[in-house]
Amino acid sequence: MAELPVVVIVGRPNVGKSTLFNAITGQRRAIVGNEPGITRDRLHGAAEYAGRRFELIDTGGIIVADDEMIPAQILKQARVALARAAEIVFLIDGRTEITGADRDLAAMLRKLGKPVAVAVNKIDPQSRDLTIDEFRLLGFADVFPVSAEHRLGLNDLLDHVTREFPEVEAEPEAEGDQPKTISVAIIGRPNVGKSTLLNALVGSERAIVSPVAGTTRDAIDETVEVDGKKFTFVDTAGIRRKAKTREMAEKLSVVMARRNIRMANVVLLVLDASEGIVGLDATIAGYSHEEGRSLAIVVNKWDAAVDKNQARFREKVQDALKFLDYAAIAFVSAKQGRGIRPLFGLIRKGFEAASRRISTGELNRFVERIPHHQNVKIFYMTQASVRPPVFVVFTDRGSHLHFSQERFIVNQLRKRFGFEGTPIELKTRRR
């Protein structure tokens, strides 16, 4: 299949790029917040407008002349995206005057010689005559008022941006079809050894490794093939700005983890055996669970653990992360290369479990064999989707099942059909 044309959204921090990305792609994949600069790396998404399909890229907030580490890395990431762009959407905050950062970015974009459409965000498109002219001073003829939050004015913008894109017939992908490559996000708090684990998994020194927390500056990915299956690993290590506190590094590690979890099929949650389990471990793990991703827990630096009793440490992990009772736990020393090879099996097993589809007939036979809660009668069950597996339970009431009954059904599904390594979601409907 031919490569899709690329549309890149650029702009200074906090002008609404992630909100526009979500509005165009029709799904909430970019993190949206009021804090400037919350987007740190590129986010890709497939989009379609009027039968014209394209790839949309959301970049971090760009400040061209800023020498700080994080803005410099964002600009580096944005240049990679802009090199692929067929069309560029330059997003401006219409509620403020044009800033020096806007002018610097406009000058950079003009040098690229690529089509640029200026989208003036956060204004009412009905008032275009009152607000548009001043933004033409940036040097671009095509200016469109939009409200990304309220999805206003997007048709005019997309009509223009996609005008020369080819119209294609949609190629629906069967839900159970498996991608050729398993995408794996390596997540965890700063300095637990994520980069070292990445190097051990791919057998190279691609990631920068340092004992200083927050050495990895942006997401790094590497693809390897093991036993005929391709795995793409993304390292989402913590980021620290100069002279900032540990809290900043931890906050940004969560932001990066959340973004890359969304793009992954399987997640590796890395814990530090020498430090034990802390609150941030549970926070980051919770994001993976909420996104419905298959997950394996990797206890790294096992060679440096004071207590080498795996059963005891496993019990501590299960107590602290009760909601991850489906996740396998592996003990490794990434630095020494110990315990690495079995991780590929865990990843593949978790991915296959998340992709497993059970027929309605099998599920009905399953329902007949499980005891019913005294207050709810279950008539039948069907599987609605995969990755994660979602099951719809039809009852005589339609209300949510009691927590104990829901947990019992999920455990029985795992036992009967082998859903190890993946969360399972139950939805209740009245027959």
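Values for this structure:
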read-out	value
Selected residue (only one of Phe331, Phe391 is within 21 Å of Ala282 (Cα to Cα) and in contact with a strand residue (DSSP E or B) (Cβ under 6 Å, 6 or more places away or on another chain))	Phe331
Criterion (open to solvent by 10 Å² or more (accessible area, probe 1.4 Å), modelled with pLDDT under 75, more than 21 Å from the chain's Cα centre (by Cα) and among the hydrophobic types (A, V, I, L, M, F, W, C)) met by exactly one of Ala200, Ala213	Ala213
Unique residue being under 23 Å from Lys229 (Cα atoms) and aromatic (Phe, Trp, Tyr) when the list is Phe366, Phe344, Phe403	Phe344
Matching residues, the range 83-116, being among the β-branched types (Val, Ile, Thr) and either touching a strand residue (DSSP E or B) at 6+ places or on another chain (Cβ under 6 Å) or closer than 10 Å to Val8 by Cα (or both)	Ile88, Val89, Ile92, Val116
Condition broken by Lys244, with the remaining ones in (1) surrounded by fewer than 22 Cβ atoms within 10 Å (Cβ to Cβ); (2) modelled with pLDDT of 95 or more satisfied	(2)
Residue in the range 250-274 that is modelled with the lowest pLDDT, counting only those that are out of contact with any Lys or Arg (no Cβ under 8 Å at 6 or more places or on another chain) and not hydrophobic (A, V, I, L, M, F, W, C)	Lys251
Answer residue from the range 319-335, given it is in contact (Cβ under 8 Å) with a residue 40 or more places away in the chain and in a loop (DSSP other than H, G, I, E, B) and is nearest to Arg397 (Cα to Cα) among those	Tyr326
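Matching residues to (1) open to solvent by 80 Å² or more (accessible area, probe 1.4 Å); (2) modelled with pLDDT under 95; (3) under 12 Å from Ile277 (Cβ atoms):
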residue	(1), (2), (3)
Val298	no, no, no
Lys308	yes, yes, no
Glu315	yes, no, yes
Leu321	no, no, yes
Ile329	no, no, yes
Val332	no, no, no
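The values are calculated or read from the model by the stated rules, or taken from the named source; none is laboratory data. Remember, it's a predicted structure, so these values are computed and weren't measured experimentally. Glycine gets a Cβ as well: all are built from the backbone with ideal geometry, and neighbour counts include every protein chain shown. The area values use the complete protein model at the heavy-atom level, side chains included, leaving out ligands, DNA and RNA. Shrake-Rupley method; radii C 1.70, N 1.55, O 1.52, S 1.80 Å.
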